[in-house]
1. Among the residues of segment 46-57, which ones are of a type in the set (Gly, Ala, Ser) and loosely packed, with under 11 Cβ neighbours inside 10 Å?
2. Do we have Val169 as aliphatic (A, V, I, L, M) and surrounded by 23 or more Cβ atoms within 10 Å (Cβ to Cβ) here?
3. Six or more apart or on different chains, Cβ atoms under 7 Å: show the pairs whose first residue is in segment 69-84 and in contact (Cβ under 8 Å) with a residue 40 or more places away in the chain and of a type outside the set (Val, Ile, Thr) and whose second is surrounded by fewer than 18 Cβ atoms within 10 Å (Cβ to Cβ) and part of a loop (DSSP other than H, G, I, E, B).
4. For Arg218, which of the numbered conditions (1) modelled with pLDDT under 95; (2) surrounded by 24 or more Cβ atoms within 10 Å (Cβ to Cβ) fails to hold?
5. If you scan segment 158-185, which residues turn out to be within 16 Å of Gly224 (Cβ to Cβ) and touching a Leu at 6+ places or on another chain (Cβ under 8 Å)?
6. Taking segment 149-166 as the search range and keeping residues that are more than 30 Å from Ala55 (Cα to Cα) and surrounded by fewer than 24 Cβ atoms within 10 Å (Cβ to Cβ), which one is modelled with the highest pLDDT?
7. Does segment 115-128 contain any residue that is at pLDDT 95 or above, aliphatic (A, V, I, L, M), within 24 Å of Val230 (Cβ to Cβ) and part of a helix (DSSP H, G or I)?
8. Check Ala94, Ala109 and return the single one that is under 20 Å from the mean Cα position of the chain (by Cα) and surrounded by 15 or more Cβ atoms within 10 Å (Cβ to Cβ).
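The values are calculated or read from the model by the stated rules, or taken from the named source; none is laboratory data. Bear in mind that the values here come from a model prediction, so they are computed numbers and not experimental data. Cβ sites come from the backbone with ideal geometry, for glycine too, and all protein chains shown count toward neighbours.
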Amino acid sequence: MTHHDDVPLPLLGAYAMAPTDPSDESAFYDGVAELGIGGLELPLPLPGAPSLETAWLARNVLPSWDLLVTCIPTVMGRLTTDPAYGLAATDDDARARALADVARARDLALRLADEHGHRRVVAVQVHSAPGPRGGREALTRSLEEIAGWDLAGARLLVEHCDAASDEHVAVKGFLALEDELAAVRFAGGADDGPGVSVNWGRSAIEGRSAGTLLEHVRAAADAGLLGAVVLSGATGEATAWGEAWGDAHIPPHGDDPALAASSASLLGPDEVRETLDAPPDGAVSSRSRSRSGRRTPTSPPGSPSPAPRWPSSTTHGGPLDEGRVRRPRRHGRPHGAPHRPRRLRAPRHRPPPGGS
């Protein structure tokens, strides 16, 4: 695992801002390699995408990088034509189709581990689609099945997206966090099993507030299931990234000229610091902020931060740590080896393509 002064380096969701032209894409990832990050959030696209090929990974992904494979691009792609699809689907056939896609992420993790001789994928991130059409019990069954697979040392994480709401139209509209936590717990979630990841932007979209993420961090940490924090922006204003409260990965605001276009983002250096420093007992001062109330940062978003004070139960589960599973596995670290929490870093520049 890559560290800086004994603090695990963040992973970067670079795919959301990568160029589509292959030559520009290679130059882009060459630049990403100079950022001093610990690895990438790697999207699981629909079958046939070049990013699943060995040659693409060898060209664009450093062998020293850790990878978190997120299934969200596939999930959103499937839902456009198959609204019943998802791990939380009450229809068995629809749930089986979602499990088959997660199996592609499993196979990628196994293939990379075999090619490199050690674990490359630290976590596989799944989602509670199709939302109101599904339910907690169906999600639990799916997680129990996946938890029994050999994931080559990767930890299974359920990323919370904005839940269905009676007050506004949801973007994702998946299950409520309390249902996801209950499903993860019943599926064996704890130090050695599945966990939950929370996404700053998607929590803000759900609660229409910059403080919602801290509520979600507290709930997941109190349950002993907090596995990762994703630092992605959100805004209540229309911007170049899209309409207000869209799930478009708007960058944070900040003093760097490159962040001028995202001045409306609710996520900034103070919110990043507040999130990562959230104490395990949940006694967190959460505050909403407007772009006019920007504070002067002591360090830019994404710079190495002190290790967050996660509860010990979560630290041993490891946000994006060594991804232990409950069954013996072929790859990964020895049982009991020390590790520290990890965090993801959001893309910073251009609006991403849809469906992520």
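1. Selection gives Gly48, Ala55.
2. Numbers: aliphatic (A, V, I, L, M): yes; surrounded by 23 or more Cβ atoms within 10 Å (Cβ to Cβ): no.
When the stated conditions are applied, Val169 does not pass them.
3. Pro73/Gly355; Met76/Gly355; Gly77/Leu46; Gly77/Gly355; Ala84/Asp91
4. That leaves (2) as the condition not met.
5. Across segment 158-185, the qualifying residues are Val158, His160, Glu180, Leu181, Ala183, Val184, Arg185.
6. Applying the filter and picking the extreme gives Ala163.
7. No, that holds for no residue.
8. Details: Ala94 fails: under 20 Å from the mean Cα position of the chain (by Cα).
Residue meeting the stated conditions: Ala109.
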